[in-house]
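Chemist: I'd like to ask you about the structure that follows.
The values are calculated or read from the model by the stated rules, or taken from the named source; none is laboratory data. Keep in mind the model is a prediction, meaning the values are calculated, not measured. Positions of Cβ are generated from backbone atoms using ideal geometry, with glycine treated the same way; all protein chains shown enter the neighbour counts.
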Amino acid sequence: MPASSDPAAARRQRQFLNRISSRLRTEAGAQVRALTRSNSGLTLDYDNPPGDPGLFGPDAVCWRVHADFPAMLAGGVSALLLQTLHPLALAGVWDHSTFRTDMQGRLGRTAQFIAGTTYGSRADAMALIERVRRIHSHISGSAPDGRPYAADDPALLTWVHVAEVSSFLAGYLRYVGPLSEAEQDCYYNEVAQVADMLGATGVPRSCAAVAAYLEAMRPQLEASARTREWRGSS
């Protein structure tokens, strides 16, 4: 649609495009939520108890970043692809996850965890965190190169967390809108609390710290045959 030289017409055109964009985003979000409905067995009540701010509260930057579901989906796919470059993280997923037979269920459980720890009551958020910790405590094994892994390894938890939240933030910045560097730092500092409670250590809490962490991790990453097969199946 060509831009109009008439200010009033141009304003109406922008309003029309904004309405269309908002409608498409809302419909896309509803469809994606249906696809990622959790089968974890947990039911979250986002309305009760009244006044419970959960872990963060409505003024938190993560409330804004995690609110746009299409952008979060793009970030989530990016996070999964990035996470599989770590051989030990990939080994745990390969040996214990149902991603090859139940990708929708896996996405649903992840979406529920993010939504519940962001917007749920403190009790629901802590229940989700405790559930993940309990599951992680039973996951261990050996990678193809013989190195042992455990899902509750603090270093692996930090890797999974940073890959995830850096991808979520990138999705928001790319598809929703800008955030100041201070707001981005605030986002990383907020979500690091969840990683801490899951058992991660040395979690980076700013843009600069996340960038430095990802650069430092590069020597440990590899695109193996398993990585390529996983990407093909996803």
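Conditions tested, residue by residue: (1) in a helix (DSSP H, G or I); (2) buried (at least 18 other Cβ atoms within 10 Å of the Cβ); (3) of a type in the set (D, E, K, R).
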| position | (1), (2), (3) |
| --- | --- |
| Thr158 | yes, yes, no |
| Ser166 | yes, yes, no |
| Ala170 | yes, no, no |
| Asp185 | yes, yes, yes |
| Tyr188 | yes, yes, no |
| Glu215 | yes, no, yes |
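Chemist: Could you identify the single residue in Pro144, Pro178 that is closer than 23 Å to Arg64 by Cβ and part of a loop (DSSP other than H, G, I, E, B)?
Modeler: The match here is Pro178.
Chemist: State yes or no: is Thr201 modelled with pLDDT of 95 or more, out of contact with any Phe, Trp or Tyr (no Cβ under 7 Å at 6 or more places or on another chain), of a type in the set (S, T, N, Q) and surrounded by 21 or more Cβ atoms within 10 Å (Cβ to Cβ)?
Modeler: Spelling it out, it is not the case that Thr201 is modelled with pLDDT of 95 or more, out of contact with any Phe, Trp or Tyr (no Cβ under 7 Å at 6 or more places or on another chain), of a type in the set (S, T, N, Q) and surrounded by 21 or more Cβ atoms within 10 Å (Cβ to Cβ).
Chemist: OK, next. Among the residues in the stretch 200-207, are any in a helix (DSSP H, G or I) and of a type outside the set (S, T, N, Q)?
Modeler: Yes: the stretch 200-207 contains one or more residues that are in a helix (DSSP H, G or I) and of a type outside the set (S, T, N, Q).
Chemist: What's the number of the only condition in (1) closer than 23 Å to His136 by Cα; (2) of a type in the set (Val, Ile, Thr); (3) at pLDDT 95 or above that Thr227 fails to meet?
Modeler: (3)
Chemist: Return the total of residues in the stretch 204-227 being more than 27 Å from Ser180 (Cβ to Cβ) and in contact (Cβ under 8 Å) with a residue 12 or more places away in the chain.
Modeler: Residues meeting the conditions: 7.
Chemist: Name every residue in the stretch 172-183 that is under 16 Å from the mean Cα position of the chain (by Cα) and surrounded by fewer than 22 Cβ atoms within 10 Å (Cβ to Cβ), in order of residue number.
Modeler: Residues satisfying the conditions are Leu173, Arg174, Tyr175, Val176.
Chemist: What number of residues within the stretch 185-221 are over 21 Å from Val132 (Cβ atoms) and β-branched (Val, Ile, Thr)?
Modeler: Residues flagged as over 21 Å from Val132 (Cβ atoms) and β-branched (Val, Ile, Thr) within the stretch 185-221 amount to 1.
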